[in-house]
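Asker: Sharing a structure here in C-alpha cells format.
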Amino acid sequence: MIISGKDLSARLKAEMAVEVASFPEKYGRVPHLVVILVGEDPGSVSYVKGKAKASEAVGIRNTTIRKPDTISEEELLGIIDELNRDDEVDGILVQLPLPRHINEDRIIAAIRKEKDVDGFHPMNVASLWMKQPCTLPCTPKGIIRMLCEAGVVLEGSNAVVVGRSNIVGLPVAKLLLDANATVTVTHSRTKNLGEVTHRADILVVAIGRPKFIKEDMVREGAVVIDVGVNRDPETGKLCGDVDFEPIEKKASIITPVPGGVGPMTICCLMENTIECFLRKMEK
Ligand code: L34
C-alpha cells in the first residue's frame, strides 16, 4: 500500500481552512506566516513556493521575503528582529540551508520561540526532549501523522531511523520513542547497515542520497517512510532515498517521492502556524 501524503495533506488542509475561516470574527484577523528565503537554490525555491500555496489554500496570510545569498548575517538578524517585534506576525521561518557565511544556529536562536513554527529553536528542542509542550518540527510531526493515519502500531515495534540530523533523524527518533517504539538510529558510520535496517518493522530514511536503500536492506512487510527528495542522477527526475520500485513490492506500506513526506511537512507547518497564532490570541 502506498500512503499518499498529497491526499492526506489535502484533507487536513481543507479541515484547517474551515477552522481558519472562523478566525476573523473571533480574533479580528487570520494567522500570518513569514518565510525568509536566502539565495536561489532550486529545491528551496520550490519548497517555499509550496508553503505559500498551502497558506493560500488554508487561508493563512503568507509573506515571503527573498534576499540574495550575499546578505550579511547582521542584516538577516535585523529582519528577524523586526519580525519578532511585529504583533501581526505569528510565525517566522528561515528556509535552510543558508549560505556558508551565515551561522545557522545563530539565526535559528534569534527567532522568538513563540514564533518558531519550525520547532528548531533551542528552547523548543529542549522541550521536545523533556516531554514538555512545544512546537514539533514539521517533517517528524508529518511522519508520525502518516503512520497513525495508516493505522501502523508504533508501540512495541522495531523502528530504525537512517540519518541523525537535527531536522529529521533525531526528532523523529524521539517521537517514535515517545510512542513506545524501540528505536535504533543509524548513520554513515553504522556497521552492517543493511542488517540493522532489515530488522526494522518501521524504517524511516532521511540521509539525502538517491535510492540509497536497496531491496535487500528491507524486510518483507516492513513500513517504509522515505524522507529524501533528490534528483535521480540518471533520469533527472525527483526520487527518494529508497529504491522505490522493488521495495514497494516488498513493503506493507511505503511513502512515494514526490507526494509523500514533503506535502506532509508543509501541512504540519500550516498546523504549527495556527497553533502559534492561537496560543497568542488565547493568552
Ligand atoms: N527552515 N528549512 C526550514 N524548514 C523546513 O521545514 C525545511 N524543509 C526541508 C529543507 N529546509 C527547511 C522543507 O520545507 C525540506 N523541506 C521540504 C518541504 C516540502 C517538500 C520537500 C521538502 C515538498 O513539498 N516536496 C514535494 C516535491 C517538491 C518539488 O517538486 O520540488 C514532494 O512531493 O515531495
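Asker: Asn180 fails exactly one of the following numbered conditions: (1) surrounded by 14 or more Cβ atoms within 10 Å (Cβ to Cβ); (2) within 22 Å of the chain's Cα centre (by Cα); (3) away from the ligand (no atom under 16 Å from the Cβ). What is the number of that condition?
Answerer: (1)
Asker: While we're on this one: From Val162, Val125, which residue is of a type in the set (A, V, I, L, M), within 15 Å of the chain's Cα centre (by Cα) and more than 20 Å from Arg11 (Cα to Cα)?
Answerer: Val125 is the lone residue from the list that is of a type in the set (A, V, I, L, M), within 15 Å of the chain's Cα centre (by Cα) and more than 20 Å from Arg11 (Cα to Cα).
Asker: Might you check whether a residue that is within 17 Å of Glu275 (Cα to Cα), within 16 Å of the ligand (Cβ to nearest atom) and part of a helix (DSSP H, G or I) occurs anywhere in the range 28-51?
Answerer: Taking every residue of the range 28-51 in turn, at least one turns out to be within 17 Å of Glu275 (Cα to Cα), within 16 Å of the ligand (Cβ to nearest atom) and part of a helix (DSSP H, G or I).
Asker: If you don't mind, there's one more thing I want to ask. Considering only residues that are touching a residue at least 60 places away in the same chain (Cβ under 8 Å) and among the charged types (D, E, K, R), look in the range 261-283 and name the one that is farthest from Lys115 (Cα to Cα).
Answerer: Ranking the candidates gives Glu271 first.
Asker: Can you pull out every residue in the range 224-262 that is at negative phi and out of contact with any strand residue (DSSP E or B) (no Cβ under 8 Å at 6 or more places or on another chain)?
Answerer: The answer is Pro233, Glu234, Thr235, Glu245, Pro246, Lys249, Lys250, Gly262.
Asker: In the range 153-233, which strands (runs of 3 or more DSSP E) lie fully inside it and hold 3 or more residues that are at pLDDT 95 or above and within 22 Å of Ile2 (Cβ to Cβ)?
Answerer: Strands (runs of 3 or more DSSP E) meeting the threshold: 158-162, 202-205, 223-226.
Asker: I need a count of the residues in the range 187-213 that are within 20 Å of Asp232 (Cβ to Cβ) and surrounded by 17 or more Cβ atoms within 10 Å (Cβ to Cβ).
Answerer: Number of matching residues: 7.
Asker: Of the numbered conditions (1) farther than 15 Å from Pro31 by Cβ; (2) within 14 Å of the ligand (Cβ to nearest atom); (3) not small (Gly, Ala, Ser), Glu75 fails exactly one; give the number of that condition.
Answerer: (2)
Asker: Restricting the range 147-168 to residues that are on the phi < 0 side of the Ramachandran plot and crowded, with 22+ Cβ neighbours inside 10 Å, which is nearest to the ligand (Cβ to nearest atom)?
Answerer: Val168
The values are calculated or read from the model by the stated rules, or taken from the named source; none is laboratory data. Note that this is a predicted model, so its numbers are computed, not measured. With ideal geometry, Cβ positions are generated from the backbone for all residues, glycine too; neighbour counts draw on all protein chains shown.
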